[in-house]
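First comes the structure, then the notes that go with it.
The values are calculated or read from the model by the stated rules, or taken from the named source; none is laboratory data. The shown structure was predicted, so the numbers you read here are calculated from the model rather than taken from an experiment. Every residue, glycine as well, gets a Cβ built from its backbone with ideal geometry; the counts of neighbours run over all protein chains shown.
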Amino acid sequence: MEKLASGSSHAKVILLGEHAVVYGQPAIALPLPDLAMTATIEAREAGQVVIAQGYQGPLATMAEVYEGVRQLILRLLRHFDALDAPFTLRIQSNIPQERGMGSSAASAIAIIRAFFAFFDTPLPDEELQRWANVEEAITHGSPSGIDAATTAHDVPVWFVKGSAPEPMSMALHGTLIIADTGVHGQTGLAVSVVREQLANEPIETQAHIDALGAIARDTREDLAHDDIIALGNHMNAAHQHLAALGVSHPQLEALVQAAREAGALGAKLTGGGVGGAMLALAKDDTDAHRIMLALEAAGAQEVWSQQYPQI
């Protein structure tokens, strides 16, 4: 057992494939390495203490939004036959919560890596993903697995539920802009909305799901060949299908419209929807600056930009 160990992860953003990925369609997710998560475990004389944003206290009294984390830690301790091991776990993050940017999966990935390092145990990627799904299943109910896959990797991920995440090459010379609506996303609720619609309007809803899958497949080629015009068009089309599935929100619509009016090649919601964050694509730095100002004027709480080297 180490006296001090840490694990890290980062935010993610789903470029295309939200909700459709739950029903077997492909999705593409991109890492956001500048939005980082770190978990540090330090041995102590007695007690099990967790220090995180919004909670500081004993592991035993964690609850509500932290229940998935508490359950994950307990299962990790049981796995290492160390249920009573004394430690302090510090979780530091600049990933916004409940914005569809993978904060819960990122925390799980960082915590798992920290515990395996603390107990000096190798951690194959398949095992990392399996452990991450423990927390995600408790927090989100029926997760696709894409958040856990992307927050653990530094490259874009092609993901189909039930298959191993596939790293992607990408040549994208535009600028991706992420804006926070200020409205907490509700992934579990959004998944339920689509499930209910599929049950009651199966033909129309399945058509939207299939179309989202086709867009993701086409977009894989856009990314490989740096076709930002086609990518923008595909982002716009995907947003229309997601809105038809009932997972948009008035503030998302306002930001998407503001971005397009400011010159974005494409704009769409990202993640679960019903709040959360949106994406816009700019062709260059000048357009990116104008779009970011327009998003702030339209009520975005925070705005980030991300450029990707050829990966």
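Observations on the model:
- Residue match in segment 287-301 (condition: under 23 Å from residue 185 (Cβ atoms), part of a strand (DSSP E or B) and touching a residue at least 12 places away in the same chain (Cβ under 8 Å)): no
- In summary, residue 195 fulfils each of the numbered conditions (1) touching a Phe, Trp or Tyr at 6+ places or on another chain (Cβ under 8 Å); (2) of a type in the set (Lys, Arg); (3) closer than 24 Å to residue 276 by Cα with the single exception of condition (1).
Here's the yes/no breakdown for (1) in contact with a Gly (Cβ under 7 Å, 6 or more places away or on another chain); (2) under 26 Å from residue 94 (Cα atoms):
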site	(1), (2)
222	no, no
231	yes, no
237	no, no
251	yes, yes
262	no, no
277	yes, yes
282	yes, yes
285	no, yes
289	no, yes
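- Count of segment 95-121 residues, restricted to those that are under 23 Å from the mean Cα position of the chain (by Cα) and aromatic (Phe, Trp, Tyr), is 2.
- The number of residues in segment 242-267 being touching a residue at least 60 places away in the same chain (Cβ under 8 Å) and in contact with a Leu (Cβ under 9 Å, 6 or more places away or on another chain) comes to 9.
- Some residue of segment 213-224 being more than 15 Å from residue 17 (Cα to Cα), modelled with pLDDT under 95 and not assigned by TED's automatic domain parsing to the domain that holds residue 97: yes
- For segment 1-55, a residue qualifies if it is over 19 Å from residue 104 (Cα atoms) and either within 11 Å of the chain's Cα centre (by Cα) or charged (D, E, K, R) (or both), and the qualifying residues are 2, 3, 42, 44, 45.
- In segment 56-94, residue nearest to residue 118 (Cα to Cα) [restricted to those that are within 24 Å of the chain's Cα centre (by Cα) and among the acidic types (Asp, Glu)]: 67
- Selection over segment 275-291 of residues that are within 23 Å of residue 242 (Cα to Cα) and surrounded by fewer than 22 Cβ atoms within 10 Å (Cβ to Cβ) gives a count of 0.
- Within the option set 147, 154, being assigned by TED's automatic domain parsing to the domain that holds residue 19, among the acidic types (Asp, Glu), in contact with a helix residue (DSSP H, G or I) (Cβ under 8 Å, 6 or more places away or on another chain) and in contact (Cβ under 8 Å) with a residue 40 or more places away in the chain holds for one residue only, 147.
- You will find that of 71, 53, 25, the residue that is under 28 Å from residue 221 (Cβ atoms) and in contact (Cβ under 8 Å) with a residue 40 or more places away in the chain is 25 and no other.
- Any chance residue 246 is part of a loop (DSSP other than H, G, I, E, B), at pLDDT 95 or above, touching a helix residue (DSSP H, G or I) at 6+ places or on another chain (Cβ under 7 Å) and over 22 Å from residue 146 (Cα atoms): no
- Check on residue 281, in contact with a His (Cβ under 8 Å, 6 or more places away or on another chain), of a type outside the set (S, T, N, Q) and touching a residue at least 60 places away in the same chain (Cβ under 8 Å): no
- Elements of type helices (runs of 4 or more DSSP H) contained in segment 142-229, each with 1 or more residues being of a type outside the set (Gly, Ala, Ser) and loosely packed, with under 15 Cβ neighbours inside 10 Å: 187-200, 202-224
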